[in-house]
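The values are calculated or read from the model by the stated rules, or taken from the named source; none is laboratory data. None of the values given here were measured: they were computed from a predicted structure. Please note: Cβ atoms are built from the backbone with ideal geometry, for glycine as well, and neighbour counts cover all protein chains shown.
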Amino acid sequence: MKIETIFLRELRIPLIRPFETSFGCTTERRILLAEIRAEGLTGWGECTAGEHPYFSEETVDTAWTVMLTELAPSLAAGDVAHPGKCPQIFGRVRGHRMAKGALENAVWDLQAQMDDVPLARLLGGVRDVIPCGVSIGIQSSIELVMAEVEKELAAGYQRIKLKCKPGWDLEVFTAVRERWPSIMLSCDANSAYRFRDSKHLQSFDKFEMLMIEQPLWADDFYFHSMLQKQLQTSICLDESIRNRRDALAALDMESCRIINVKVGRVGGFSEAIAVHNVAHERRIPVWCGGMLETGIGRAHNVALSSLENFTLPGDVSASSRYWAEDIIEPEVTVSSAGEIRVPETSGRGFEVKTELVERLTVRKETIRALELVL
Ligand code: OSB
Ligand code: MG
């Protein structure tokens with residue numbers, strides 16, 4: 001395809017309620033979108049970088065700079081034979097995977113429209129519906145957690161994940177498990193513990209959780225491997241898995257028994273599919289993580305989750321859990337069985353509300369393909 005124009009925009013959108021993890025609290029999202037025009041069609045991608053470099057090194061501002069000065073010009077400079085070629089086109093730029101992912105995913109979004117197939121099908125998806133869970137942030141009291149869990153279970157969600165950190169763990173798990181002894185439960189520490197906390201982490205085993213997500217350092221495999229030997233509960237890695245090679249290393253070292261695939265964290269759909277595939281070959285289940293995305297990133301997560309090895313409920317949940325009004329229509333909704341239906345229409349299957357996007361935009365840049373007049 002011949003790309004004509006790339007628009008980068010930053011939107012500011014308040015979350016309907018704050019989301020707190022072990023690394024901080026988010027009340028308003030700064031959303032960076034890539035809009036790519038080619039052959040009369042428009043593809044959209046969402047950058048999952050955070051406002052601060054707390055989850056990963058990237059931020060909205062680093063992604064903005066790298067997309068504007070490096071990635072978008074490279075993409076606009078030539079023909080893109082297939083979206084799977086994007087990693088090669090971006091190959092000179094080291095890191096900045098969330099920035100790369102936003103652009104690459106917009107190209108996949110475009111390609112699906114050009115081929116007139118659902119994005120899920122273009123990615124190799126096989127599911128009609130995907131199983132959904134929720135991630136419940138750190139709250140100011142146990143009562144508030146209980147109320148959240150109760151509400152989400154009533155809505156049908158199949159798995160509850162509790163954000164945790166030292167001082168916000170055993171008491172919370174005890175309260176939730178006493179009230180709901182058999183629900184699918186997990187926790188996510190976002191690297192809040194250290195290897196010396198091994199004994200403490202062993203005491204999580206009695207809650208019979210599906211997994212404990214990223215207990216230790218974001219750049220570690222070795223100590224997770226040592227820790228996994230001491231735990232009955234499966235470790236799931238999130239932050240540590242940046243690409244297919246990391247997944248291979250982690251699985252060979254037995255650093256985890258489950259992998260959270262986030263399309264932004266690994267740099268786009270190509271690498272997300274590659275991570276999915278190596279896990280699948282080793283019979284390691286994966287699930288799709290979330291990064292408080294708007295409908296564009298959410299639609300892309302739904303499409304990715306339709307791949308065969310996404311057997312566990314993901315952190316892909318209804319638009320209304322995050323936004324007063326999402327920027328897509330229809331919004332993403334979850335059935336009472338805790339499932340999202342994978343769209344069967346061409347492309348991402350959710351229309352972008354361009355007027356709303358325009359209204360929420362706080363900065364915008366345009367990158368045009370060079371017109372070579374010979
Ligand atoms: O670690 O999975 C995480 C949100 C922001 C940053 C990191 C994480 C999360 C979540 C929320 O858990 C998932 C979601 O509901 O989008
Ligand atoms: Mg996580």
Select from segment 223-268 the residues that are within 17 Å of the chain's Cα centre (by Cα), in a helix (DSSP H, G or I) and basic (Lys, Arg) and list them in ascending order. ARG244
Can you confirm whether ASN260 is among the polar types (S, T, N, Q) and crowded, with 24+ Cβ neighbours inside 10 Å? yes
Taking segment 269-302 and keeping only residues that are in a helix (DSSP H, G or I), among the β-branched types (Val, Ile, Thr) and buried (at least 24 other Cβ atoms within 10 Å of the Cβ), one is left with VAL275, ILE296, VAL302
Just to check your reading of the model, which residue among ARG177, ARG121 is away from ligand 1 (no atom under 16 Å from the Cβ), among the basic types (Lys, Arg) and touching a helix residue (DSSP H, G or I) at 6+ places or on another chain (Cβ under 6 Å)? ARG177
Cβ-Cβ below 6 Å, separation at least six or inter-chain, first residue in segment 134-148 and of a type in the set (Asp, Glu), second modelled with pLDDT of 95 or more and not in a helix (DSSP H, G or I): which pairs? GLU148/ILE136
Meets criteria (under 29 Å from ASP219 (Cβ atoms), within 16 Å of ligand 2 (Cβ to nearest atom), among the hydrophobic types (A, V, I, L, M, F, W, C) and under 18 Å from the mean Cα position of the chain (by Cα)) for ALA49: yes
Considering ALA274, ALA250, which residue is of a type in the set (A, V, I, L, M, F, W, C), without any contact (Cβ under 8 Å) to a residue 40 or more places away in the chain, more than 28 Å from GLU148 (Cβ to Cβ) and touching a Cys at 6+ places or on another chain (Cβ under 7 Å)? ALA250
Matching residues, segment 185-205, being within 16 Å of ligand 1 (Cβ to nearest atom) and surrounded by fewer than 17 Cβ atoms within 10 Å (Cβ to Cβ): none
Of (1) of a type outside the set (S, T, N, Q); (2) within 16 Å of ligand 1 (Cβ to nearest atom); (3) under 30 Å from ALA299 (Cα atoms); (4) free of Cβ contacts under 8 Å to residues at least 60 places away in the same chain, ASP169 satisfies every one except (3)
Does segment 303-314 hold any residues that are in contact with a Lys or Arg (Cβ under 9 Å, 6 or more places away or on another chain) and either outside any loop (DSSP other than H, G, I, E, B) or not polar (S, T, N, Q) (or both), and which are they? ALA303, SER305, LEU307, GLU308, PHE310, LEU312, PRO313, GLY314
Taking segment 291-320 and the residues there that are within 16 Å of ligand 2 (Cβ to nearest atom) and over 11 Å from the mean Cα position of the chain (by Cα), the one that is nearest to LYS161 (Cα to Cα) would be PRO313
When only residues in segment 321-332 that are under 27 Å from CYS236 (Cβ atoms) and either within 16 Å of the chain's Cα centre (by Cα) or more than 15 Å from ligand 1 (Cβ to nearest atom) (or both) count, which is surrounded by the most Cβ atoms within 10 Å (Cβ to Cβ)? VAL332
With the requirement that a residue be outside any strand (DSSP E or B) and within 16 Å of ligand 2 (Cβ to nearest atom), what does segment 13-43 give you? SER22, PHE23
Just name the residue that is farthest from ILE340 (Cα to Cα) out of those in segment 269-290 that are within 16 Å of ligand 1 (Cβ to nearest atom) and under 12 Å from the mean Cα position of the chain (by Cα). ALA272
